[in-house]
1. Can you name the strands (runs of 3 or more DSSP E) wholly within the stretch A:154-260 that have at least 2 residues being buried (at least 20 other Cβ atoms within 10 Å of the Cβ) and modelled with pLDDT of 85 or more?
2. If the requirement is being surrounded by fewer than 24 Cβ atoms within 10 Å (Cβ to Cβ) and away from chain B (no Cβ under 11 Å), which of these qualifies: A:394, A:387, A:371, A:366?
3. Check A:287, A:281 and return the single one that is farther than 13 Å from residue A:381 by Cα, surrounded by 23 or more Cβ atoms within 10 Å (Cβ to Cβ), in contact with a helix residue (DSSP H, G or I) (Cβ under 8 Å, 6 or more places away or on another chain) and away from chain B (no Cβ under 14 Å).
4. Select, from B:32, B:52, the only residue that is within 14 Å of another protein chain (Cβ to nearest Cβ), in contact (Cβ under 8 Å) with a residue 40 or more places away in the chain and more than 18 Å from residue B:142 (Cβ to Cβ).
5. Applying the selection to the stretch A:319-347, what residues are farther than 25 Å from residue A:290 by Cβ and at pLDDT 90 or above?
6. Among the residues of the stretch B:129-149, count how many are in a helix (DSSP H, G or I) and closer than 17 Å to residue B:97 by Cα.
7. Are any of the residues in the stretch A:266-278 in contact with a strand residue (DSSP E or B) (Cβ under 9 Å, 6 or more places away or on another chain) and part of a helix (DSSP H, G or I)?
């Protein structure tokens, strides 16, 4: 029997029992669908995290107070000054202070937001252009100017109908002039609105708005991507010197680069994706057992048909291939339906639940391959059972 | 030339510790163009003989030469090829594939053809169905056909590969008188055109339509006679129809 004849014969027999074939394939359909959807959701959120971290800036190096129990923050303006003068691998640097939940009054309304104290390099490092007006200059820093740059959300809340440029706002009790508007940046990996900010010059923030004078973090751009490691170790040694740490003592700060941040962030997502895919994979195997079950029933039920086929000249191999190809086709069809279903589910998640999904062709290929393998593996035993029937017994079977 | 040559055929089954001797040594020659009925009570070994003739079962002892081919050493694949190529089966229960059209049922032996024949299977199956008078029923499923029609589909399937002989196992066992006559007249027609037919039956009436009757008992042939007053099934069918038309007419009149 040629392959074409074999395929038509198996497809015919599958479509002869539409309902049963569908129910048989259901396990595979669900299995393939859930594997693809799980991986799509996992890699979708992973891709989003990576994109957002990349959006944090180019060749970014961050210095933060150490995480964990030794939380004392010892970053100061002196550290920034030392880094700026001594480092040879840094092209841009900014200190950053954050004041969450600060009340802003402006226009005819008020708004509670986070106020950032930053330096002019901030928008270079973060790759965050100003949409209108200007950002701070070095002069604004030294003169502790009371200038503010608004994020898009804050601008919309305080000045819904007018141009905020040149208007006054009050941060706490201090009046500021709005000199610029930042471009829209959107939500970050955690879903927080990055446009809900007000930027003021770092020195202004430290001297006019804050009491403790500690820097929350220092952010820098390395000269080039290839110099990231060198820059990182240079930053570490300069800061250790600045903090007068003895050799061998633990650093009282953390230096991280962008790829490390990405790695930390995607590690969790990756583990979760793998776990979900493994659980979904189990349902594929269960689906395969379902196929074996039905094929075994089918062999018993169609014993007479097998006898008839043998009596008109089918060899053992013909019967074996017939049943094997039926189970392979069943699982392949299940796989194809599963893929279509998965594409629909992934689209629906993205469209209606705003869950980022990324359906990769390699996962589709792998799950179809796996479905076919399941079909062969679980179809072989029933097929062999059919092929080994004795023609007379099969013919006389009631 | 003898198309079937059985020499010293024995078939023993081992059931538990008891050996059942279903056939205890049979010699038989069937010539081309013969129409043979094998008769006998149940347990006489005629089914076993049938299986042997059909290459569905291997004899314990003896030799079986079919169309010049010694089959006692054949493997199961070779047996399958012989069944495909040399033998056309007709069964009591028709044994058509359900939910499969008449045409596809008749095509079945051609599907397993390994001789590399170039003839179009569809055309051949169609021709075979036309020959048994079912040219207008090609796409009917078995459950849409009467018993007689189903058996004719089975006969079409048996002859579609032009086998050396047709082997029929109680072909009329499930049929009423009219359908029996229909099927027997078809067999006679085939036989008249030169086809060899071997048929197992336990109905003496049916055996009268054949040319030669072999009676079996206890696994051996007890008689082998030529049919003297051979009946023509087609004539009987016509007569039967006439009688029934008359009966129906009388009933309607009263």
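The values are calculated or read from the model by the stated rules, or taken from the named source; none is laboratory data. Please read all numbers here as calculations on a predicted model, not as lab measurements. Here Cβ is always computed from backbone atoms with ideal geometry, including for glycine, and neighbour counts include all displayed protein chains.
1. Strands (runs of 3 or more DSSP E) meeting the threshold: A:168-171, A:174-182, A:197-201, A:217-222.
2. Going through A:394, A:387, A:371, A:366 in turn, just one is surrounded by fewer than 24 Cβ atoms within 10 Å (Cβ to Cβ) and away from chain B (no Cβ under 11 Å): A:366.
3. Exactly one of A:287, A:281 is farther than 13 Å from residue A:381 by Cα, surrounded by 23 or more Cβ atoms within 10 Å (Cβ to Cβ), in contact with a helix residue (DSSP H, G or I) (Cβ under 8 Å, 6 or more places away or on another chain) and away from chain B (no Cβ under 14 Å), namely A:287.
4. B:52
5. Within the stretch A:319-347, none qualify.
6. Residues meeting the conditions: 7.
7. no
Residues are listed down the side, and each one gets a yes or a no for (1) within 11 Å of chain B (Cβ to nearest Cβ); (2) assigned to a helix (DSSP H, G or I); (3) farther than 30 Å from residue B:85 by Cβ; (4) touching a strand residue (DSSP E or B) at 6+ places or on another chain (Cβ under 6 Å):
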{"site": "A:293", "(1), (2), (3), (4)": "no, yes, yes, no"}
{"site": "A:314", "(1), (2), (3), (4)": "yes, no, no, no"}
{"site": "A:318", "(1), (2), (3), (4)": "yes, yes, no, no"}
{"site": "A:341", "(1), (2), (3), (4)": "no, yes, yes, no"}
